[in-house]
Structures are given as C-alpha cells and as structure tokens.
Amino acid sequence: MNALAVLGDEALHLTPSLWAVVWLIVWGPLLLGLVALYFPPHRMLTAAAAYLPVMAATGWLVATIAVSGPRHASLSLGELTLTWYLDGLAILLLLLTQTVLMASAVFAVGYCRTAELPSRPAAWLWPLLGGLSSGLTLIWIAADLLSLYVGLELMGLCAVALMLLPGEAEALAAGMRYLLYALVGSLAWLLGVSLLLGAWGRLDLAGLAAVAEPGAVTTLAVALLSAGLLLKASIFPLHAWLAPVHGAAWIPVSAVHAALVIKASFVILLKLWLLLAPGQMAAAWLLGGLGSLAVLWGGILAWRAQGLKELVAFSTVGQLGYLMLAFPLLIGTSEAVAALAWRGTWLHLAGHALAKAAMFMAVGSLVLSTGRSKLVELAGTSRRLPLPLLVFGLAAVTLMGLPPSAGFTAKWLLLQAAIRGEQWLWIGVLVLGTMLTAAYLFRMFRHSFDEQAPHLTYRRLPLGMDMMALLLALAALALGLVADWPLELLWPWGGRT
C-alpha cells in the first residue's frame, strides 16, 4: 500500500512567501471575526468583500501547489518536531473549507437580521466561525499528532460554543452533551498519543510510520485514537449527540458543522490508519461494517423524522457512512482498487460538504419564512418559496448520487472499487443507501407540493440568503462535471511515498 501513504519525501520546503499566504489563510478568518465582534456586518456584500483576501490567498495557494507540487515545513521544539504538509488533498480541503465558510458567513448576515437574533450572542458568531476556520486549516495541513490535537481542540471548542449561542434550554442541553462527547473523544486521543510517544519517542506522522512496529502498544494506541475520532465524527453507533445539536443550533452553524467539522475527524482517522495500521484488514472491515450500518440506520431515522432539521441531521449520519467504506477498500486491496476508492472517498466528502451546507441553508430559509419546522406544516410552500425548494432539490440530487453531481461520480468510483475488489457487500450498501436517501428526501417534496394545503403567512427574506445556498448546490453539481481536475490533484500526490 505504498501508493496510499500520506506524506511524501520529495516535497519542497515552504518558501517565505508561501508561509505568509498559509498564515493568512490560517489566522485571517479569526482576525476578521474578532473585528466583526465589535463591528458586526449589516450587509451581506460587506461580509463577502471582507472575506475576499482570504479567498484570493487560498486560490493562489491552490494554483501554486498544483503547479509546483507538495511543500512541507517543520519546527523543532526540543525533542519534538512540529510538521506541516501541503499536498493536493490539503489544498483541496482548504479551498472547500473557505468556500463553505464564506458562503455561510454571508448567509449568516441575512439570517441574523431576519431572525432578529440577540445582538450580543449574534456578534460572537463571527470570531467563533473564524476560530473554527483556523482549527480546520491546521488539521488539513498538520503532519504531526501535536498539531492535529491543537487543531482538533480549537475546532471543537469553537463548535461547542457556536452550538450554545442560542442560549435556550434546548440548545444548552444539546451543547453540553456535545461538549461531554467531545471531551471524552479528546481524552481517548490523548491516551493514544501518550502511548505512541512513550513507545516510539516521536509524534510526526512520517517518523511514526517509519519506526512504529505492529504490536500491542501500537494496536491499543490506534484503537484509542480511532475511538476518540469516531466519537467526534458521529459515526454509528456514536451518533446520538448529532441530531439534538443541529435541532437547536442556528442554521449557519449547522451548515458549517455538517459540511466541515465532523469531516475533520474522518480525515485524521483515515490518515492515521494508512500510516500506522496499513495491514489491519479485519479491523478495516469492521469500520466498513459500521459505515454500512450508519448508511442504513441514518436513512431509516431520516425517513421517520418529523422535523425538517431533524431529517437533514439524520441524513448526515447516513452520508458519513459512505466515507467509512474507504477503509476496507483501501486497506489490503490492489493499487487499482485503492486508486478508485481514494478518489471516490474525497469526491464524496467534497460533494456532500457543498450539498449539505446548501441544504441546511434552504431549510433555514423555509423555516424562517414560514415560522414552522415540521414537514407536514410546510405543505404548499412550493407556491411561495420556489427558490429554497429548488436549492433543496439540487442538493438532494448530489446526496442521492444522481448524475451529473459529485455524488454520482463519487458513488460510481466506490462502486467500481467494490466490484474490482470483489467486495460485494458494499455494493448492496451503496444501492440500498441511495434508495433510502431518495425515500426520505422525497417526503419533503410530497408535502411542499400539496396544493390542497391552506395558505401560510410568509416572511420576506433577503435574496442573498437563497443565492448563497444556490451557489453551493450548483457547485456540488458542477464538481461532478469537472471532477478530473480535483481527482488529478488527489492522485498520485494524495498518496505518494
């Protein structure tokens, strides 16, 4: 499995100019958020303009790394070494992160004004989103366990604080439950890191991959790290905290959380397994089995959900299950199978992030405009709210895996990997999961197009809110049409030794 190692020995060092751009991307959103704490934006155009330097820096970095190849940097702290690594996968995750965060920030301006949120809690939305961005960026570029821990904790604390912002009893209870799960996950992570440090004396991923030997210590350490990350990622059966948290959170927070935050733990988990447990086929199949159960159980819960936000939250549980199929398809398989699975996994992650953020924004527009959150209460909304329903439908195309979306291309690649690897179980999961997704998403349209429903009183929303959601939904569709470019970046750089 040399073709799937995460780090590359041939990477060039980061130049001072690249370092400056990287630090702008890492800390720029947090600085903007701190400014917005005291001078909150009142127009969506202002928020978009303020974020343009970060987006421009991200685009320039993507173009530079795409041309010159991977880059790395390191910093020695006594016997420990902090390492950062920029390859095709990292820059695509950076681009995805900044795109979703910018759209969510612009959407949040209109949401805060229209929902008439309390000014002080709403002001804290901006620095917390900025801190979330900084934590995510550190995770994407980190190549040592200490940097990953810093990124995880910064991201986790900001995510919990964002969930607590509404201040209502339901939000406080859900947020504290989320905090408890996050702390337990962090404890498991620290125990695993301590075992690896005590046994092998280093925390950089490349060094650990070179010196760590199979045995009880490494197995226990990987198990602890995996348990903590699975808990943070809300993977079945550790998903109980997810739906209540999204049910009580503000819509921009739910959009970012579902699109990016829970993906970070999966990214770390996959990297660790490919480096430290490349031969654990039985355990990889166990993770694939958990993913299969997540696909089916999350789909059933979404199909039974009565609330619109609840439906979308349980959908996230099911969609995350597809990512877990990467483990049995990458570990112990041929390079051809692994190449298909590698591409399909990251394309699914990107497509789901864009579509799920768009879907949550559409849900926010529907709930905010009607003042109702139950599916049956949204009957007849097609007459007055066609644009949010269009966004919901376009996002649903990606989640169902219909052409020409990124979801279709990703599932096709995973299906081809399962066929070539003769892993027939995952084929059934992909088919059943797609059918379940269609079943619960079409429940929404069945109610919204009910022409016999009584007329509701609608609140007028800023057009920019729906336009941000529409752009994300269209991006998820377009990603399936131009998938060659990101897939070329992912391979072979995404996994070259």
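The values are calculated or read from the model by the stated rules, or taken from the named source; none is laboratory data. Source: prediction; values computed, not measured. Quick reminder, even Gly has a Cβ in these numbers, built from the backbone with ideal geometry, and neighbours come from all protein chains shown. With ligands, DNA and RNA removed, areas are computed over all heavy atoms of the protein, side chains included. Shrake-Rupley method; radii C 1.70, N 1.55, O 1.52, S 1.80 Å.
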Inset, instruction - Would you calculate the volume per residue, in Å³, of the smallest convex hull containing every Cα atom of region 241-280? - result: 62
Inset, instruction - Obtain the nm distance between the two label points defined at ALA223 and LEU80 by a simple spin-label model: each point lies 7 Å from its Cα along the Cα-to-C-beta direction. - result: 2.6
Inset, instruction - Subtract the Cα-Cα distance of LEU45 and ALA240 from 0.36 nm times their separation in residues, and report this length gain in nm to one decimal. - result: 66.4 nm
Inset, instruction - May I ask for the angle, rounded to the nearest 10°, between helix 463-481 and the longest principal axis of the chain, with both axes built from Cα atoms and the value confined to 0 to 90°? - result: 40
Inset, instruction - Please give the peptides 142-149, 214-221 ranked by average Cβ packing (other Cβ atoms within 10 Å per residue), highest first, as a rough proxy for protection. - result: 142-149, 214-221
Legend entry - Calculated FRET efficiency for the pair GLU116/ALA66, C-beta based, R₀ 45 Å, to 0.05: 0.55
Inset, instruction - Place a label point 7 angstrom from the Cα of LEU172 along the Cα-to-Cβ direction, then list the residues of region 222-250 whose backbone nitrogen is under 16 Å away. - result: 248-249
Legend entry - region 54-91 residues near the modelled VAL482 label - backbone nitrogen below 16 Å, point 7 Å along Cα→Cβ: 56, 58-64, 66-67
Legend entry - Size of electric dipole in region 61-219: Cβ of Lys, Arg +1 and of Asp, Glu -1, about Cα centre, debye, nearest 20: 260
Legend entry - Per-residue HN-Hα couplings for region 130-140 [Karplus 6.51, -1.76, 1.60; θ = phi - 60°; Hz; x = Gly/Pro]: x, x, 4, 4, 4, x, 5, 5, 4, 5, 5
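When you count, for each residue, the other Cβ atoms within 10 Å and take the mean per peptide, how do 121-131, 359-369 rank with the highest first? Walk me through the intermediate numbers first.
Values: 121-131: 21.5, 359-369: 26.9.
Descending packing order for the listed peptides: 359-369, 121-131.
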Legend entry - Lys/Arg +1, Asp/Glu -1 at C-beta; region 351-471 dipole; positive extreme among THR434, ALA362, TYR458: TYR458
Legend entry - With Cα atoms, 0 to 90° folded angle of helix 335-370 axis to the chain main axis: 30
Legend entry - Cut-off under 5 Å, modelled amide H: who pairs with THR81 long-range: LEU203, ASP204
Inset, instruction - Report in % the part of the accessible area of the chain that belongs to carbon and sulfur, leaving out ligands and nucleic acids; probe 1.4 Å. - result: 69
Legend entry - Relative contact order %, region 285-497, counting alpha carbon pairs below 8 Å whose residues are six or more apart: 29
Inset, instruction - State the Cα centre-to-centre distance between region 314-370 and region 22-97 in whole Å. - result: 23
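Return the ratio Rg/(2.2 N^0.38 Å) for region 1-138, where Rg is computed over Cα atoms only.
Region 1-138 yields a ratio of 1.21.
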Inset, instruction - Could you calculate the contour length gain from LEU286 to ALA216, that is, 0.36 nm times the residue separation minus the distance between their Cα atoms, to one decimal place in nm? - result: 23.3 nm
Inset, instruction - Go ahead and estimate [θ] at 222 nm for the chain from helices alone: -39,500 (n - 2.57) per DSSP H run with n ≥ 4, summed, over the residue count, rounded to 500. - result: -25000 deg cm²/dmol
Inset, instruction - Could you tell me how many degrees, from 0 to 90 and to the nearest 10, lie between the Cα long axis of helix 16-38 and the main elongation axis, the longest principal axis, of the Cα atoms of the chain? - result: 30
Inset, instruction - Specify the inter-centroid distance of region 105-163 and region 271-304, based on alpha-carbon positions, in whole Å. - result: 27
Inset, instruction - May I ask you to list the lysines whose Cα is less than 21 Å away from that of LYS374, ignoring any residue fewer than eight positions away on the same chain? - result: LYS309, LYS356
Legend entry - region 318-468 - accessible surface per residue (Å², probe 1.4 Å): 36
Inset, instruction - Provide the per residue accessible area, probe 1.4 Å, for region 76-131, rounded to a whole number of square angstrom. - result: 33
Inset, instruction - Sort 68-75, 21-28 for me by packing, meaning the mean count of neighbouring Cβ atoms within 10 Å per residue, highest on top. - result: 21-28, 68-75
Inset, instruction - With label points built 7 Å along Cα→Cβ from the Cα atoms of GLU153 and ALA56, find their separation and express it in nm. - result: 3.6
Legend entry - Within the chain, longest stretch clear of exposed GluC sites (Glu not before Pro) (DSSP loop, no more than 15 other Cβ within 10 Å): 169-421
